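Worksheet for the structure shown next.
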Amino acid sequence: DRPDVVLHEVRRLLRPGGQLLFLEHVRAESPRLAAWQDRLEGPWRRFAEGCRCNRATVELIEAAGFTVEHRADETWHAMPAIVRPIVSGSATVGTAGGS
């Protein structure tokens, strides 16, 4: 429920040069699909045991002081439209937010 808190803790625990690897459903770039993600977020979260399909995950990672080194935006075609946008990548501790 608090990705900002979790990401700051991960950042605190990582050694210098350590990597955060991520694979997450993300908020759609399409305004229409993003609106559907917002509408269906509650029912989907209950159905998928906590999955938040409309989070801006990469932006949260960067706000926690990480530098995204690699990012791949993909579509998971076998899933319902609201969870098709996914992102994978790696991030390292950047200079934002102190050390």
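The values are calculated or read from the model by the stated rules, or taken from the named source; none is laboratory data. Quick caveat, the model's predicted, so the values are computed rather than measured. Areas reflect the complete protein model, heavy atoms only, side chains present, ligands, DNA and RNA absent. Shrake-Rupley method; radii C 1.70, N 1.55, O 1.52, S 1.80 Å.
The table for this structure:
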quantity	calculated
Accessible surface of segment 15-63 [probe 1.4 Å, protein heavy atoms]: carbon and sulfur percent	53
Stretchable slack from Leu23 to Glu9, in nm (0.36 nm times residue separation minus alpha-carbon distance)	3.2 nm
Per residue accessible area of the chain, 1.4 Å probe, in Å²	66
Per-bin percent of Cα-Cα distances, the chain [5 Å]	2, 13, 22, 22, 17, 13, 8, 3, 0
Theoretical ellipticity at 222 nm over the chain - DSSP helices of four or more residues, -39500 (n - 2.57) apiece, nearest 500	-11000 deg cm²/dmol
Net lengthening on full extension, Ala72/Asp1 (0.36 nm per residue, minus Cα-Cα)	23.1 nm
Per residue convex hull volume, Cα atoms of segment 4-62, in Å³	93
